[in-house]
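Student: Structure in structure tokens, see below.
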Amino acid sequence: MAEKWIDHNTCFEWYSKLEKENLVLAFKGEFNHELVKAILVVTEQYKIDKGGPSRIFGVIVECLQNICKHGALVENEKKMRSGIVLMGKQNNEFLIGVGNFVHNDKVEVLKSRFDKVNKMDEDGLRQMQHGILVNSSLSEDGNAGIGIIYMARKTEGKMKYCFQEIDGKVSFFSLQLTVKI
Amino acid sequence: MENYFKEGGADVPMLDFNSKSGNMIIRGRSFPEDSVGVYLPVLDWIDLYIAFPADFTLLQFDLDYFNSSTYKAFLNILLKLEKLMGSDKKVKVEWLYHERDIDMKAAGEEFEELVDIPFSFRVK
């Protein structure tokens with residue numbers, strides 16, 4: 001039998017690492033709707049602490065549902081939609097990091113969507129959101145870009161993204177967001 | 001016509017639409033995996049309702065949170081009820097929010113801009 005690599009030290013090392021980085025949530029694995037619901041239970045305590053703002057809750061949901069809907073299936077035996085989500089808290093700021101695989105042919109489309117939204121101010125984003133809402137149909141796939149606009153409106157500063165090409169098929173997409181409550 | 005009632009859950013709100021009284025309540029949280037599946041039956045119900053509406057329709061949004069794909073469903077509900085404006089029937093929207101949840105209040109104000117139905121806002 002192979003040597004077990006999870007021992008007491010591993011647990012403490014990871015705990016200390018997360019504590020040092022002010023991380024309140026770290027998950028790596030399959031992203032599906034049940035996970036979204038479970039992570040919300042974790043984030044909900046911060047919502048209650050601060051008397052309401054649905055903001056942190058909202059941004060996390062958009063990030064996770066984006067991965068559930070648009071993430072690439074990883075080419076392993078389980079064919080799962082794999083990703084990572086990290087959430088850190090410092091004073092009244094939450095830092096959210098999400099990462100997942102996307103097909104290479106989607107990279108340019110995603111980049112241009114983020115770049116477009118990052119260039120707009122609140123008024124422009126609001127108008128863009130209204131335009132999409134009024135002109136799209138209920139059944140349109142995904143939510144026709146509303147999710148990205150929603151994220152932009154609820155986060156501080158620009159949304160930082162990165163694509164790292166893994167192989168000829170997929171890239172690893174990561175997104176960094178800051179939410180103030 | 002029958003009422004429309006669906007129990008709420010972790011990711012879907014309670015939907016309580018009463019055809020006789022004209023009271024319609026959407027309460028809880030809305031971030032379903034399939035928003036079309038949740039809201040299409042409601043929209044179909046409203047199509048039937050507006051043919052024989054109550055004298056006064058009161059749509060109450062009492063939400064803690066809703067996601068971006070729910071936006072479109074809510075707008076569609078409002079646009080359907082907007083058709084009653086200008087008839088001899090009255091329609092009103094009541095938008096509830098937690099006092100410190102400015103985002104939730106702002107979301108209601110944006111819907112108010114998009115439809116021609118009177119809104120009132122109330123802290124819960």
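Student: Here's a check for you: in region B:2-17, which residue that is away from chain A (no Cβ under 14 Å) and surrounded by fewer than 17 Cβ atoms within 10 Å (Cβ to Cβ) is farthest from A:ASN32 (Cα to Cα)?
Tutor: In this case the residue turns out to be B:GLU2.
Student: Assuming B:SER87 fulfils every condition listed in (1) at pLDDT below 95; (2) open to solvent by 30 Å² or more (accessible area, probe 1.4 Å); (3) part of a helix (DSSP H, G or I) apart from one, which condition is it?
Tutor: All conditions pass for B:SER87, except number (3).
Student: Of the residues B:SER35, B:SER68, B:SER30, only one is of a type in the set (Ser, Thr, Tyr), within 12 Å of another protein chain (Cβ to nearest Cβ) and free of Cβ contacts under 8 Å to residues at least 12 places away in the same chain; which?
Tutor: One residue alone meets the criteria, B:SER68.
Student: A follow-up question, please. What is the number of the single condition among (1) at pLDDT 95 or above; (2) surrounded by 18 or more Cβ atoms within 10 Å (Cβ to Cβ); (3) part of a helix (DSSP H, G or I) that B:THR70 does not meet?
Tutor: That leaves (1) as the condition not met.
Student: Select, from A:GLU122, A:GLU156, the only residue that is within 30 Å of A:GLU19 (Cα to Cα), within 14 Å of chain B (Cβ to nearest Cβ) and of a type in the set (Asp, Glu).
Tutor: A:GLU156
Student: Pairs only if they're at least six apart or on different chains, beta carbon under 6 angstrom, first in region B:87-104 and within 13 Å of B:ASN23 (Cβ to Cβ), second hydroxyl-bearing (Ser, Thr, Tyr) and modelled with pLDDT under 95; list them, first residue then second.
Tutor: none
Student: Is it the case that A:ILE67 is modelled with pLDDT under 90, surrounded by 16 or more Cβ atoms within 10 Å (Cβ to Cβ), touching a strand residue (DSSP E or B) at 6+ places or on another chain (Cβ under 7 Å) and within 14 Å of chain B (Cβ to nearest Cβ)?
Tutor: yes
The values are calculated or read from the model by the stated rules, or taken from the named source; none is laboratory data. Predicted model, so just to flag it, every value in this text is computed and none were measured. Cβ atoms come from the backbone with ideal geometry, glycine included; neighbour counts cover every protein chain shown. These accessible areas exclude ligands, DNA and RNA; they are computed on the full protein's heavy atoms, side chains included. Shrake-Rupley method; radii C 1.70, N 1.55, O 1.52, S 1.80 Å.
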